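Asks: Structure in C-alpha cells, see below.
The values are calculated or read from the model by the stated rules, or taken from the named source; none is laboratory data. Just so you know, these numbers come straight off a predicted model, no measurement behind them. Don't worry about glycine lacking a Cβ; one is built from the backbone with ideal geometry, like all the others, and counts go over all protein chains shown. When the accessible area is computed, the model is the full protein with side chains, heavy atoms only, and any ligands, DNA or RNA have been set aside. Shrake-Rupley method; radii C 1.70, N 1.55, O 1.52, S 1.80 Å.
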Amino acid sequence: MIISWDWLKQYVPLEMSREDLEQRLMMAGLNHEGTEVVDGDTAIELEVTSNRGDCLGHLGVAREVSVLFDVPLSIPDPQPPANGPRVDALAKVAIEDRQLCPRYTARVIRGVKIGPSPDWLVRRLATIGQKSVNNVVDVTNYVLMECGQPLHAFDFAKLAGGQIIVRRAKPGEKFEAIDHNTYELDTRMCVIADADRPVAIAGVMGGAESEVSETTTDLLIESAAFDPLAVRVAARTLNLMSPSSFRFERSPDPAMVDWASRRCCELILDLAGGTLCEGKIDAGQHAPPREPIVLRFSAISRLLGIEVPHQEVRRILEALGTNEQSFDTDQIEVVPPTWRADLTREVDLIEEVARIHGYDEIPEDVDVPMAASQKREVDRVTEQLRHVLTSFGFDEAMTASVVTEEWSAAFSPWTDAAPLATSTPLLRGANHLRRSLVPSLLGARRYNETLSNPVIELFEIAHIYLPRQDRLPDEQLALALTSGGGFFELKGVLETIIARLNPAATLEVVDAAQPLFAGDRCGELLLDGQRLGFLGEVGEQG
C-alpha cells in the first residue's frame, strides 16, 4: 500500500518527522518498504498484512497515526445534494445470490461531462502510482484509495433495461473486460449483469461495453459487498487481479459501502457536474452487529508479562474505535469497530494493547508463566507408530497433499466420490487432493529406485481428504507403508503395531481385490471385525 504524505495530511496533522512516522507504523505492524519523492509529494510504501484490510486506504492508515501519536482524526462527511428524480424510477437492482453479494447499492447521476481531472487529483493518483483516465474514473480510484471500498461507475445508457442483476455466471459465459480481453466464466463466479449480458465481474473488473467514455452523460455508481472467496476464485482463475479484487479478498469495512458511494457522488458532482437522483437503491442487507468481547486485565499480564494500567488499556481500545459496554477493576467489555474484522477474541484485544502500548515496552527477560500442554491421544498414538516403524528400519516420508489425476485414480479404496480439484495446480500437474497415501508413497519409492538406493522401507502418516457432498472434505489421518519385504513380513510389522497399541485387539486378513494389487496377494485388514485397511503386493499393472 502506497501512502501519499500530502493526502494523509487531510485526515491527521503530521507534525512528526517522516522517519518517526515510518518507525512508529513499522513497530505497530505496518512494515516500511520504502519512500520516494514524487513531484514534490512523498510516497511511503507500507506492507499491509492480510488481516489488516482496513489499512488498504488512506483513512485506515490515518486511524493508525491518530492512535499512535494521539492526534485528532478528521473523516469527511459527504452529503451530495440530490435534485434529480427518484433513482428507483430509473433503475432496478436485483440480487439473485445473497451468498455471493450480501449488499448492493446504486446511485444515478445524470448530465455529467467527461473530461480531464484537475491537477490536484492527477498528482494524488500519480504519487501512489496510478495514471489519470478521466474525471469520473479517477474519482472512483481516488475514493478506493481513500477508504479501501471499491466502486464502479457504469455508463447508465449502456445498461440494457436500466437493470442491475447480481447473479452467478453461466457455464461458459463470455465476458469482455475493460482491458479488452475476453474471458470465459464459470458458475463459481459472481457477475453484475444488465437485462441482456454481464457488464462486470463482481469485485474484479468492469466490462468494456459499459465503461465510461467521452460520450457518457449518465452514470450508475456501484458500491457493494461481495463474498471474498468468490472474488478470489474469479481473480485467480482468470488471472485478472485488480486493486478492487485485492481489497474485496480482504473484506473491506461493510460500513463504508454507503460512505464511499456518497463520497464518490460528491466528488463527481464537483468535478464533472450533473444532477444526482434522489435516494439510493440499497438491495440486500446490512452486516449484522458485532459481538462484544470481554478483556480480562489479568490476561494481559499473564500473556504479555507486564502490567498495563487499566485506564491506559481503556484509552487504547477507545482510540482504536471500539465501543465500550462495561468497565470495572477486573475487565472491560467492548464491541469492535466495523473496520476491524480481525478482532474476534480476547487475545486479539491483548495484541492490540501490546501493539499500541509498544512492543519495546516489553522487556526481553520478562517472566511469562508457561505450562506444558498435555499431548493429544492422536499425538501419543502416532509417536508410538513412529517408534515401532523406525525400529523395524522404516524411514518416514512426507509427500504433498495434492496429486495428479492419474495418481488419484490409481488407488482409492475409501470412496468412489470424485476427488476435490483445484482450478490452478499447486504443483506441476498436481491439482487433486489425495484420497489415499499409497500412490504418493509409491512415487517416493520409485524416485529412490532411480537413485539406486539399496534399501527402501518407507512409511507416511498424514491426512487424506474424502469428498462429501455440499460440505468440506472428511479429513482422516492415515498410515501407509511400502517395503521390499514379502507379504507376510509386512503383515508381521502390522501385527506388532497392533500389539503395541492395543494388545487385546484381533487383526484378521481376508481375501480382497484391489486393481493396484496382484490378485493372489491382496487382503483386507479387519481389526475386531472393522475395516482397518488393505495389505497387498503391487501387481504388474501398478
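Asks: Can you confirm whether segment 133-147 contains a residue that is among the acidic types (Asp, Glu) and surrounded by fewer than 18 Cβ atoms within 10 Å (Cβ to Cβ)?
Replies: Initially, segment 133-147 is screened for residues among the acidic types (Asp, Glu), giving 138, 146.
Among the residues that remain, those that are also surrounded by fewer than 18 Cβ atoms within 10 Å (Cβ to Cβ) are: none.
The answer is no, given that none of the residues of segment 133-147 is among the acidic types (Asp, Glu) and surrounded by fewer than 18 Cβ atoms within 10 Å (Cβ to Cβ).
Asks: Next question. Taking only pairs six or more apart or across chains, which ones have beta-carbon atoms under 7 Å, a first residue in segment 508-536 that is touching a residue at least 40 places away in the same chain (Cβ under 8 Å), and a second residue that is open to solvent by 80 Å² or more (accessible area, probe 1.4 Å) and not in a loop (DSSP other than H, G, I, E, B)?
Replies: Listed by first residue and then by second, the contacts come to 536/521.
Asks: I'd like to verify a number: residues in segment 231-242 that are among the aliphatic types (A, V, I, L, M) and either within 10 Å of the chain's Cα centre (by Cα) or open to solvent by 30 Å² or more (accessible area, probe 1.4 Å) (or both), how many? Walk me through it before giving the result.
Replies: Of all residues in segment 231-242, those among the aliphatic types (A, V, I, L, M) come to 231, 233-235, 238, 240-241.
Narrowing the set further to residues that are either within 10 Å of the chain's Cα centre (by Cα) or open to solvent by 30 Å² or more (accessible area, probe 1.4 Å) (or both) leaves 231, 233, 241.
Count: 3.
Asks: Pull up segment 288-313, narrow it to residues that are open to solvent by less than 60 Å² (accessible area, probe 1.4 Å) and either in a strand (DSSP E or B) or of a type in the set (Val, Ile, Thr) (or both), then point me to the one that is modelled with the lowest pLDDT.
Replies: It comes out as 306.
Asks: The conditions are (1) open to solvent by less than 80 Å² (accessible area, probe 1.4 Å); (2) closer than 23 Å to residue 351 by Cβ; (3) among the polar types (S, T, N, Q), and residue 35 fails exactly one of them. Which is it?
Replies: Answer for residue 35: the failing condition is (2).
Asks: Within segment 361-377, identify whether any single residue is open to solvent by less than 20 Å² (accessible area, probe 1.4 Å), of a type in the set (Lys, Arg) and assigned to a loop (DSSP other than H, G, I, E, B), and answer yes or no.
Replies: No, every residue in segment 361-377 fails to be open to solvent by less than 20 Å² (accessible area, probe 1.4 Å), of a type in the set (Lys, Arg) and assigned to a loop (DSSP other than H, G, I, E, B).
Asks: Let me ask something additional. Considering every residue within segment 409-424, establish whether at least one is surrounded by 12 or more Cβ atoms within 10 Å (Cβ to Cβ), at pLDDT below 90 and in a helix (DSSP H, G or I).
Replies: Yes, segment 409-424 contains a residue that is surrounded by 12 or more Cβ atoms within 10 Å (Cβ to Cβ), at pLDDT below 90 and in a helix (DSSP H, G or I).
Asks: State which residue is least open to solvent (accessible area, probe 1.4 Å) when the search covers only segment 100-132 and only residues that are in contact with a Cys (Cβ under 8 Å, 6 or more places away or on another chain) and of a type in the set (Lys, Arg).
Replies: Residues of segment 100-132 that are in contact with a Cys (Cβ under 8 Å, 6 or more places away or on another chain), as a first pass: 100-101, 107-110.
Adding the requirement that they be of a type in the set (Lys, Arg) leaves 107, 110.
Details: 107: 23, 110: 102 Å².
Across segment 100-132, the extreme among qualifying residues is 107.
Asks: Kindly list the number of the only condition in (1) small (Gly, Ala, Ser); (2) under 30 Å from residue 44 (Cα atoms); (3) in a helix (DSSP H, G or I) that fails for residue 206.
Replies: Of the numbered conditions (1) small (Gly, Ala, Ser); (2) under 30 Å from residue 44 (Cα atoms); (3) in a helix (DSSP H, G or I), the odd one out for residue 206 is (3).
Asks: Take residue 245 and decide whether it is under 25 Å from the mean Cα position of the chain (by Cα), crowded, with 19+ Cβ neighbours inside 10 Å, modelled with pLDDT of 95 or more and not in a loop (DSSP other than H, G, I, E, B).
Replies: no
Asks: Determine which member of the set 495, 449, 475 is more than 23 Å from residue 395 (Cα to Cα) and without any contact (Cβ under 8 Å) to a residue 60 or more places away in the chain. Outline the logic, then answer.
Replies: Numbers: 495 fails: more than 23 Å from residue 395 (Cα to Cα); 449 fails: more than 23 Å from residue 395 (Cα to Cα).
The match here is 475.
Asks: For segment 436-451, indicate whether the set of residues that are part of a loop (DSSP other than H, G, I, E, B), farther than 24 Å from residue 419 by Cα, of a type in the set (Ser, Thr, Tyr) and open to solvent by less than 50 Å² (accessible area, probe 1.4 Å) is non-empty.
Replies: Here is the first cut: in segment 436-451, the ones part of a loop (DSSP other than H, G, I, E, B) are 436-437, 451.
Imposing the further condition that a residue be farther than 24 Å from residue 419 by Cα reduces the set to 451.
Checking the rest, the ones that are also of a type in the set (Ser, Thr, Tyr) come to none.
There is no residue in segment 436-451 that is part of a loop (DSSP other than H, G, I, E, B), farther than 24 Å from residue 419 by Cα, of a type in the set (Ser, Thr, Tyr) and open to solvent by less than 50 Å² (accessible area, probe 1.4 Å).
Asks: Report the residue count in segment 314-341 for those that are among the aliphatic types (A, V, I, L, M) and either at positive phi or open to solvent by 80 Å² or more (accessible area, probe 1.4 Å) (or both). First the steps, then the outcome.
Replies: Looking only at segment 314-341, we keep the residues that are among the aliphatic types (A, V, I, L, M), and these are 316-317, 319-320, 332, 334-335, 341.
Still in the list and also either at positive phi or open to solvent by 80 Å² or more (accessible area, probe 1.4 Å) (or both): none.
Summing the residues that are among the aliphatic types (A, V, I, L, M) and either at positive phi or open to solvent by 80 Å² or more (accessible area, probe 1.4 Å) (or both) in segment 314-341 gives 0.
Asks: Could you say which residue among 230, 224, 200 is touching a residue at least 12 places away in the same chain (Cβ under 8 Å), in a strand (DSSP E or B) and within 24 Å of residue 344 (Cα to Cα)? Even if it seems obvious, please write down each step before you answer.
Replies: Details: 230 fails: in a strand (DSSP E or B); 200 fails: within 24 Å of residue 344 (Cα to Cα).
Exactly one of 230, 224, 200 is touching a residue at least 12 places away in the same chain (Cβ under 8 Å), in a strand (DSSP E or B) and within 24 Å of residue 344 (Cα to Cα), namely 224.
Asks: Separate question: Quick check on segment 85-93. Is at least one of its residues of a type in the set (A, V, I, L, M) and more than 20 Å from residue 224 (Cβ to Cβ)? Full working, then the answer.
Replies: To start, the set of residues in segment 85-93 that are of a type in the set (A, V, I, L, M) comprises 87, 89-91, 93.
Next, from what is left, pick out any that are more than 20 Å from residue 224 (Cβ to Cβ): 89.
Yes.
Asks: Output the number of the condition that residue 355 fails; it satisfies all remaining conditions of (1) charged (D, E, K, R); (2) open to solvent by 50 Å² or more (accessible area, probe 1.4 Å); (3) in contact with a Gly (Cβ under 9 Å, 6 or more places away or on another chain).
Replies: (2)
Asks: Could you please give the count of residues in segment 342-352 that are closer than 18 Å to residue 308 by Cα and open to solvent by 20 Å² or more (accessible area, probe 1.4 Å)? Lay out the reasoning, then the answer.
Replies: First, pick out the residues of segment 342-352 that are closer than 18 Å to residue 308 by Cα: 346-352.
Filter once more, keeping what is open to solvent by 20 Å² or more (accessible area, probe 1.4 Å): 346-347, 351.
Matching residues across segment 342-352 total 3.
Asks: Moving on. When you check residue 333 against the structure, is it touching a residue at least 24 places away in the same chain (Cβ under 8 Å) and more than 27 Å from residue 30 (Cβ to Cβ), yes or no? Steps first, answer last, please.
Replies: Numbers: touching a residue at least 24 places away in the same chain (Cβ under 8 Å): yes; more than 27 Å from residue 30 (Cβ to Cβ): yes.
Against the criterion (touching a residue at least 24 places away in the same chain (Cβ under 8 Å) and more than 27 Å from residue 30 (Cβ to Cβ)), residue 333 qualifies.
Asks: From 132, 74, which residue is over 21 Å from residue 190 (Cβ atoms), in contact with a Phe, Trp or Tyr (Cβ under 8 Å, 6 or more places away or on another chain) and of a type in the set (Gly, Ala, Ser)?
Replies: Values: 132 fails: in contact with a Phe, Trp or Tyr (Cβ under 8 Å, 6 or more places away or on another chain).
After applying the criteria, what remains is 74.
Every residue, every condition in (1) under 24 Å from residue 532 (Cβ atoms); (2) more than 28 Å from the chain's Cα centre (by Cα); (3) not hydroxyl-bearing (Ser, Thr, Tyr), yes or no:
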position	(1), (2), (3)
415	yes, yes, no
440	yes, yes, no
448	no, yes, yes
453	no, yes, yes
458	yes, yes, yes
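Asks: Which residue, of 41, 70, 77, 54, is of a type in the set (Asp, Glu) and farther than 25 Å from residue 316 by Cα?
Replies: Step by step, each of 41, 70, 77, 54 is checked, and only 41 is of a type in the set (Asp, Glu) and farther than 25 Å from residue 316 by Cα.
Asks: Scan segment 255-287 for residues that are open to solvent by 40 Å² or more (accessible area, probe 1.4 Å) and hydroxyl-bearing (Ser, Thr, Tyr) and report the count.
Replies: Of the residues in segment 255-287, 1 are open to solvent by 40 Å² or more (accessible area, probe 1.4 Å) and hydroxyl-bearing (Ser, Thr, Tyr).
Asks: Which residue is modelled with the lowest pLDDT, if the candidates are limited to segment 357-390 and must be within 13 Å of residue 304 (Cα to Cα) and β-branched (Val, Ile, Thr)? Reasoning before the result, please.
Replies: Step one: list which residues in segment 357-390 are within 13 Å of residue 304 (Cα to Cα), which gives 357-370.
Narrowing further to those that are β-branched (Val, Ile, Thr): 362, 366, 368.
Details: 362: 81, 366: 69, 368: 65.
The selected residue is 368.
Asks: Return the residues of segment 253-287 that are part of a strand (DSSP E or B) and of a type in the set (Ser, Thr, Tyr); say none if nothing qualifies.
Replies: Answer for segment 253-287, where residues must be part of a strand (DSSP E or B) and of a type in the set (Ser, Thr, Tyr): just 275.
Asks: Okay, next question. I'm trying to understand the selection: among the residues of segment 485-528, which are open to solvent by 50 Å² or more (accessible area, probe 1.4 Å) and assigned to a loop (DSSP other than H, G, I, E, B)?
Replies: Listed by number, the residues that qualify are 502, 503, 504, 506, 513, 515, 528.
Asks: Mind telling me which of the residues 342, 348 ends up being in a helix (DSSP H, G or I), under 27 Å from residue 53 (Cα atoms) and in contact with an Asp or Glu (Cβ under 8 Å, 6 or more places away or on another chain)? Explain how you work it out, then say what you get.
Replies: Working: 342 fails: in a helix (DSSP H, G or I).
After ruling out the rest, the residue left standing is 348.
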